[in-house]
Amino acid sequence: MTCSYEIDPTQRLARLTARGRVDVREMTRTAIAMVEDPAFAPGTDQLVDLSAVTGSDGVFRNLRALASRGPDFRDRLEGGRLAIVAPGDLVFGLARLYVAAGRDLPVEARVFREAEAARRWLDVEPVPESDDHPD
């Protein structure tokens with residue numbers, strides 16, 4: 001799996017993108033690095049894009065452990081919102097389980113099938129396509 005993040009301070013938006021087969025440990029490391037990044041201001045909204053996830057290696061049984069880390073970063077997350085984009089049925093269901101397991105998350109979290117709906121909810125502009133992606 002490839003997992004990366006970028007932070008847009010002007011929109012107060014952090015975007016985490018995962019591609020390929022999901023490894024919750026790598027996703028956890030990337031999410032922690034994102035929240036600890038100096039560019040991540042307290043209350044920054046998050047957009048987690050799982051559109052290119054092709055499956056999981058069975059590590060989603062650790063969803064509760066991942067969700068339990070949210071309160072560790074309460075001072076950084078509080079006041080922000082978390083939008084998870086998961087168009088596929090399996091990933092959508094797993095993302096909903098994550099949100100349910102994270103009842104104590106210090107953010108309002110929702111799962112969306114379409115990126116545009118997530119961006120509308122977060123009230124952010126679309127992310128421009130990079131030149132290094134094939135058409």
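The numbers here are math on the coordinates, done by the rules we state, and not lab data. Predicted, not measured: the structure shown is a model, and the values here were computed from it. Ideal geometry is used to build each Cβ from the backbone, glycine not excepted, and the neighbour counts take in all protein chains shown.
Could you list the residues of the range 81-104 with an amide nitrogen less than 20 Å from a label point located 7 Å from the Cα of ASP37 in the Cα-to-C-beta direction?
Only 81-86 fall inside the zone, counting backbone N under 20 Å.
Note down the net charge around ASP49, summing +1 for each Lys or Arg and -1 for each Asp or Glu among other residues with Cβ under 10 Å from its Cβ. Write down the numbers at each step before the final one.
On the way: positive: ARG15, ARG19; negative: none.
Spelling it out: positives minus negatives among the neighbours equals +2.
Would you work out the relative contact order for the range 14-53, in percent, from Cα pairs under 8 angstrom that are 6 or more residues apart?
73
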